[in-house]
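The block underneath contains the structure these notes are about, expressed in structure tokens.
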């Protein structure tokens, strides 16, 4: 492994394009190659900050050949930056496989931290933040989703979840079935123009989103066990 080759795991904004660090911009400008989930989506951010480094797509459907080519670039001594569509690569996205293989191959791996939807949603919830567990996206299949929620029912810490708009109402039904009509927080469109956080019991929040079709990506926060109580 050439000593100059390195993988830079760079956090990008979760919405507002200004939520990127100076270090992240400098790293992306100096990269020999930027691996991103969607090159068209990434170009919006890169153009906004005058970043002209070449890009290549890298996502959950990328072939093993593409994966190997990026690792070969590291072995050739190139500086490769890995970015996600939003937030930190490796958290609920396919970048974790590339990071793991780069480490195993002996590459230098550096994380450039930045915005995090899970932490923003947790803080906005108003619940205690001293201890929490991040569960990411719940399983898509109903049975698996309910099973996962059952395992979390006795979790003493706050629980942070991600959910897509078209599955939000079904997720709320299953959360109530597992936990009862507990208080919770739901944030969407974080850092964007129509950012919104709604707090209340599941029944009230489900009623709101039934009459206001869910839009955007969601962060759901369930309170610590001591704050949960059925209506």
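The values are calculated or read from the model by the stated rules, or taken from the named source; none is laboratory data. Owing to the predicted nature of the structure, the values given are computational and were not obtained by experimental measurement. All Cβ positions, glycine included, derive from the backbone under ideal geometry; neighbour counts span all protein chains shown.
Pairing each residue of region 172-188 that is in contact (Cβ under 8 Å) with a residue 60 or more places away in the chain with any residue that is surrounded by fewer than 19 Cβ atoms within 10 Å (Cβ to Cβ), provided the two are 6+ apart or on different chains, yields C-beta distances under 6 Å for 185/199; 187/124; 187/197. Screening the candidates 123, 219 for the property of being on the phi < 0 side of the Ramachandran plot and assigned to a strand (DSSP E or B) yields one hit, 219. Inclusion of residue 154 among residues that are more than 20 Å from the chain's Cα centre (by Cα) and buried (at least 17 other Cβ atoms within 10 Å of the Cβ) is not warranted. Here region 184-197 is the region considered, the condition is being surrounded by 20 or more Cβ atoms within 10 Å (Cβ to Cβ) and within 23 Å of residue 229 (Cα to Cα), and the residue that is nearest to the chain's Cα centre (by Cα) is 187.
For the structure I just gave you, tell me whether residue 110 is assigned to a loop (DSSP other than H, G, I, E, B) and surrounded by fewer than 17 Cβ atoms within 10 Å (Cβ to Cβ).
Numbers: assigned to a loop (DSSP other than H, G, I, E, B): no; surrounded by fewer than 17 Cβ atoms within 10 Å (Cβ to Cβ): yes.
No.
Sort through 135, 217, 163 and tell me the only one that's buried (at least 17 other Cβ atoms within 10 Å of the Cβ), under 28 Å from residue 96 (Cα atoms) and at pLDDT below 95. If you could, list the steps in order and put the result at the bottom.
On the way: 135 fails: at pLDDT below 95; 163 fails: at pLDDT below 95.
Result of the check over 135, 217, 163: 217.
Residue check: residue 200 meets all listed conditions (1) under 24 Å from residue 114 (Cα atoms); (2) over 20 Å from the mean Cα position of the chain (by Cα) but one, namely (1).
For region 130-147, give me each residue that is in contact (Cβ under 8 Å) with a residue 24 or more places away in the chain and over 15 Å from residue 184 (Cβ atoms). Matches in region 130-147: 131, 134, 136, 137, 140, 142, 145, 146.
Based on what the data block shows, is residue 148 outside the structural domain of residue 23 (by TED's automatic domain parsing) and more than 25 Å from residue 21 (Cα to Cα)?
Working: outside the structural domain of residue 23 (by TED's automatic domain parsing): yes; more than 25 Å from residue 21 (Cα to Cα): yes.
It is true that residue 148 is outside the structural domain of residue 23 (by TED's automatic domain parsing) and more than 25 Å from residue 21 (Cα to Cα).
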